[in-house]
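Okay, so here's the structure we're looking at.
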Amino acid sequence: MLSKLLKYDFKSLSKTIFPIYLVSLLLALLTRGVNMLADKFNVFSIPSGFISAIFVIVLIAIPIMTFVFTILKFYQNLIKDEGYLMHTLPVSKHSLILSKTISSTAFILLSFIMSILFLFVGVYGIWFDSSLLSFIGKLLKEVNSVFILLIILSTLISVIFNQVMIYASIALGQKHNNKIMYSIIYGVVLYNVTQIISLVILIPVMFLDSNYQQYINATTISDFALINGYLLFAFILSVLFTVGYYILTVKVLDKKLNLE
Amino acid sequence: MELVEFKNLSKNFGSKEVLKKINLTIEKGKIYGLLGPNGSGKTTMIKIINDLLQPTSGEILINGCEPGIESKKIISFLPERTYLNMNMKVSELIQFFKDFYEDFDEKKAVQLLHKLKIKETDQLKNMSKGTKEKVQLVMVMSRKADLYILDEPIGGVDPASRDYILETILTNFNDGSSIIISTHLISDIEKILDQVIFINQGKIVLNEDADTIRKKKKTTIDKLFREEFKC
């Protein structure tokens, strides 16, 4: 049943998000075109600056908008009227939530990648300069590979964690009459609880670590490889929080669903 | 055999007691009318059977088990609101029901929709409220379920379509299945009811065979309802 749920969740999100990619691509091409004209004709320099500014805002907004859309879909699909259908399907709550988590995470990551891709299109056009690609390759070789892997994993888990924490807030909020207000309140509470627990665990570890001062003074990218231990620790902590909030969401929607 | 059993079931919303120690049995092969004024607890009972609300105390059993995946396989539920994803086409909705319900009869759904002049290519968001309700009813009645629960199935449609909808309900439910219909429009549905349940202020005030009521009280169920719940 999970694969069927995924099919519909991916379809539903793509109907909303793909048009955003299309508009962003057109804007990237327009930006590139106007910038090229501005290089040749002075009269285009003001519109070029204006369009470039809008383009940068849109690039930043793509992943943020995707994140907001995935949360709205979760709320509409499971807590509002569509919930009457979704919660009466013969599927487990675990499948419902897992499908939402996987599809949302995939789209948020895709939006990050698309933003970077559109940035290249806006700056370099459709044909990339090969020297740019070799520069990126060289940069990646110089940086500690464990560090890169941990950064990628940390980004991934942070996207999933933020999703699931908001799911848990909505699950707790839907038990009350004013579902939106209580979801926001629970969101603030869970965020602060996470921060406090993380600090309580991380601070003593930092004090006990004699190399801590060295990390603070790290200046070059290779020095940052020293931080790998901390990244791994933070990563494991994030995984634990994510699993905790995921279980909370499933349990609350299973035992305390309140579609009034 | 009992299909649904309410055992001493109560439901509170905050300090308000919406259902008060309900004891009720729904048997196989009967059409039940769940009738009561606004706020009497009809929809709350229906939501509890469908696992959309949890009881505060007491128990509900469907085929001897608590509501869950197994009960959802045998219950076909029509809520009082539109629960469809408006970005879907009718054909996508048919596929959705086919994907999730093993007992969904695609042929029957297409046939019923064609009779209502609804095409598979029609977009749900472009339909009127009444047409959306008809599409929902067709989907729900195209399942071969053991229990159909219809909350206000004719509330949003014009009187001319009501007879067609009632006919659709009657001719499309399985032999041996049961139906629970909740409505205010009693005169429209009373002829199809086998058993009548009156609920008021969270309590079952009457649970009797429809023919027995007519014989004993020498009146229609609609008139009896109006007398019982006179303001």
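Summary of values
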{"read-out": "Filter result (open to solvent by less than 30 Å² (accessible area, probe 1.4 Å) and either away from chain B (no Cβ under 14 Å) or free of Cβ contacts under 8 Å to residues at least 12 places away in the same chain (or both)) within segment A:245-259", "value": "A:TYR245, A:THR249"}
{"read-out": "Residue satisfying condition, being open to solvent by 70 Å² or more (accessible area, probe 1.4 Å) and either in contact with a helix residue (DSSP H, G or I) (Cβ under 8 Å, 6 or more places away or on another chain) or within 30 Å of B:TYR101 (Cα to Cα) (or both), within set A:LEU22, A:LEU27, A:LEU72, A:LEU6", "value": "A:LEU72"}
{"read-out": "In segment B:120-158, residue surrounded by the most Cβ atoms within 10 Å (Cβ to Cβ) [restricted to those that are without any contact (Cβ under 8 Å) to a residue 40 or more places away in the chain and among the basic types (Lys, Arg)]", "value": "B:LYS134"}
{"read-out": "Members of segment B:104-114 that are more than 20 Å from A:VAL91 (Cβ to Cβ), out of contact with any Ser or Thr (no Cβ under 7 Å at 6 or more places or on another chain) and either of a type in the set (Gly, Ala, Ser) or in contact (Cβ under 8 Å) with a residue 24 or more places away in the chain (or both)", "value": "B:LEU113"}
{"read-out": "Filter result for B:LYS125 (part of a helix (DSSP H, G or I) and within 13 Å of chain A (Cβ to nearest Cβ))", "value": "yes"}
{"read-out": "Residues of segment B:89-103 that turn out to be facing chain A (nearest Cβ under 9 Å) and without any contact (Cβ under 8 Å) to a residue 40 or more places away in the chain, as a count", "value": "5"}
{"read-out": "Qualifying position, being in contact with an Asp or Glu (Cβ under 8 Å, 6 or more places away or on another chain), free of Cβ contacts under 8 Å to residues at least 60 places away in the same chain, hydroxyl-bearing (Ser, Thr, Tyr) and in a helix (DSSP H, G or I), among B:SER161, B:SER187", "value": "B:SER187"}
{"read-out": "Matching option when the condition is under 29 Å from B:GLU167 (Cβ atoms), buried (at least 20 other Cβ atoms within 10 Å of the Cβ) and touching a residue at least 12 places away in the same chain (Cβ under 8 Å), among B:LYS42, B:LYS11", "value": "B:LYS42"}
{"read-out": "Answer from B:LEU19, B:LEU35, B:LEU9 - the residue that is in contact with a Ser or Thr (Cβ under 9 Å, 6 or more places away or on another chain) and within 14 Å of chain A (Cβ to nearest Cβ)", "value": "B:LEU19"}
{"read-out": "The lone exception for B:PRO67 - which of (1) more than 17 Å from the chain's Cα centre (by Cα); (2) modelled with pLDDT of 90 or more; (3) assigned to a loop (DSSP other than H, G, I, E, B) it fails", "value": "(1)"}
{"read-out": "Members of segment B:175-226 that are more than 21 Å from the chain's Cα centre (by Cα) and either modelled with pLDDT under 80 or under 30 Å from B:SER15 (Cα atoms) (or both)", "value": "B:LYS217, B:LYS218, B:THR219, B:ARG226"}
{"read-out": "Residue that is farthest from the chain's Cα centre (by Cα) [pool: residues in segment A:78-98 that are within 10 Å of another protein chain (Cβ to nearest Cβ) and closer than 16 Å to A:VAL164 by Cβ]", "value": "A:LYS93"}
{"read-out": "Of all residues in segment B:55-85 being without any contact (Cβ under 8 Å) to a residue 40 or more places away in the chain and within 9 Å of chain A (Cβ to nearest Cβ), the one that is nearest to B:GLN136 (Cα to Cα)", "value": "B:ARG81"}
{"read-out": "Filtered residues of segment B:40-54 (kept if within 11 Å of chain A (Cβ to nearest Cβ) and assigned to a loop (DSSP other than H, G, I, E, B))", "value": "B:ASN50, B:ASP51, B:LEU52, B:GLN54"}
{"read-out": "Segment B:161-205: number of residues that are among the aliphatic types (A, V, I, L, M) and open to solvent by 60 Å² or more (accessible area, probe 1.4 Å)", "value": "2"}
{"read-out": "Complete set of residues in segment B:198-208 that are touching a helix residue (DSSP H, G or I) at 6+ places or on another chain (Cβ under 9 Å) and assigned to a strand (DSSP E or B)", "value": "B:PHE198, B:ILE199, B:ASN200, B:VAL205, B:LEU206, B:GLU208"}
{"read-out": "Matching residues, segment A:1-48, being more than 14 Å from chain B (Cβ to nearest Cβ) and among the small types (Gly, Ala, Ser)", "value": "A:SER24, A:ALA28, A:GLY33, A:ALA38, A:SER45, A:SER48"}
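Table: residues versus (1) within 14 Å of chain B (Cβ to nearest Cβ); (2) closer than 27 Å to A:LYS255 by Cα; (3) open to solvent by 60 Å² or more (accessible area, probe 1.4 Å); (4) not in a helix (DSSP H, G or I).
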site	(1), (2), (3), (4)
A:ILE113	no, no, yes, no
A:LEU119	no, no, yes, no
A:GLY122	no, no, no, no
A:PHE135	no, no, yes, no
A:VAL164	no, yes, no, no
A:SER169	no, yes, no, no
A:LEU190	no, yes, no, no
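The values are calculated or read from the model by the stated rules, or taken from the named source; none is laboratory data. Just so it is clear, the structure is predicted and the values come from calculations on it, not from any experiment. No Cβ is skipped: glycine too gets one built from the backbone with ideal geometry, and neighbour counts run over all protein chains shown. We work out accessible area using only protein heavy atoms, side chains counted, and drop any ligands, DNA or RNA first. Shrake-Rupley method; radii C 1.70, N 1.55, O 1.52, S 1.80 Å.
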